[in-house]
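Novice: Before I ask anything, let me first share the structure, which is written out below as structure tokens.
The values are calculated or read from the model by the stated rules, or taken from the named source; none is laboratory data. Here the structure is a predicted model, which means the values were calculated and not measured. As a convention, Cβ positions derive from the backbone with ideal geometry for all residues, glycine included, and neighbour counts pool all protein chains shown.
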Amino acid sequence: MPLIVGALIGALAIAAVCYLLWPTWRPMAAGGPDRTPVSIGDTLFNVPTKSFRVKYQAHSGPQERIDLAFLYPSLAPPERLHHITAEEIDSFQPIDRIFVSIAAHHDVMAPEMRLRTIYPHYLEPQPSAAIDGLAVRPFRDGSPYAGEDLVIADSPAFAARCSRDKLTPGMCTAERRIEGADLSFRFPRAWLAGWRDIAVALDRLTAQMHAANGPS
């Protein structure tokens, strides 16, 4: 009996030690890093790896241009594309993401300068009334921007060129410059109903990707 009791106590002691020393970590899922550092126009960006729209662009190092996509309003990278059914092809699928292109500008005119010096020459002379703080100024027919409108606001600062709804829904493009790179954000014109939220989203995306600020 003493031997049995001793063996039982020993087994319990060994079990307790194994329990305390057993590793509690879990292996990480296979795959690449969450973010990819990319240099564009000598400007460093820290890009979510899953946001790349073009597979061959999804690598670190210097690049001339990258094309990205982010879900709105979460601003998370989109999931992998699923198999599209015949019903989905026949039905209209609303756009649920912001498309972003980052390219080296090579010292061409900055978006802010175009907004102040180029666009006013092609706008209709009659200013439109502001809607919820957002002014919509149509471009003249026959101008390089015919069929588009310039939408601008002061508080918060916001500006974009938007195509008009026709056979396909209108799209807006907002641009900004960071050091040696220009960022272009494209989103549906229908989202202008919440233009203040769009302005905040563009600021957040810029801060999340620009390496000087770090990811948030």
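Novice: Among the residues of segment 26-70 satisfying the criterion of being of a type in the set (Gly, Ala, Ser) and touching a helix residue (DSSP H, G or I) at 6+ places or on another chain (Cβ under 8 Å), which is modelled with the lowest pLDDT?
Specialist: The first filter runs over segment 26-70 and keeps only residues of a type in the set (Gly, Ala, Ser), leaving 29-32, 39, 41, 51, 58, 60-61, 69.
Those still in the list that are touching a helix residue (DSSP H, G or I) at 6+ places or on another chain (Cβ under 8 Å) too: 32, 58, 69.
Working: 32: 61, 58: 94, 69: 97.
Across segment 26-70, the extreme among qualifying residues is 32.
Novice: Within the bounds of segment 201-214, is there any residue that is closer than 22 Å to residue 73 by Cα and touching a Cys at 6+ places or on another chain (Cβ under 8 Å)?
Specialist: So far as segment 201-214 goes, no, none of its residues is closer than 22 Å to residue 73 by Cα and touching a Cys at 6+ places or on another chain (Cβ under 8 Å).
For every residue, the table says whether it meets (1) modelled with pLDDT of 95 or more; (2) among the β-branched types (Val, Ile, Thr).
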{"site": "72", "(1), (2)": "yes, no"}
{"site": "80", "(1), (2)": "no, no"}
{"site": "83", "(1), (2)": "no, no"}
{"site": "93", "(1), (2)": "no, no"}
{"site": "101", "(1), (2)": "yes, no"}
{"site": "108", "(1), (2)": "yes, yes"}
{"site": "117", "(1), (2)": "yes, yes"}
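Novice: Let me ask another. Quick one: what pairs do we get from segment 113-124, first residue without any contact (Cβ under 8 Å) to a residue 24 or more places away in the chain, second of a type outside the set (A, V, I, L, M), C-beta under 7 Å, 6+ apart or different chains?
Specialist: Qualifying pairs under 7 Å: 122/139; 122/140; 122/143; 122/144; 122/145; 124/137; 124/138; 124/140.
Novice: Quick one: in segment 163-216, of everything that is of a type in the set (Asp, Glu) and farther than 27 Å from residue 104 by Cβ, which residue is modelled with the lowest pLDDT?
Specialist: Here the residue is 165.
Novice: Something else about it: Taking the condition of being surrounded by 16 or more Cβ atoms within 10 Å (Cβ to Cβ) and more than 12 Å from residue 102 (Cα to Cα), how many residues in segment 177-195 meet it?
Specialist: Within segment 177-195, residues that are surrounded by 16 or more Cβ atoms within 10 Å (Cβ to Cβ) and more than 12 Å from residue 102 (Cα to Cα) number 6.
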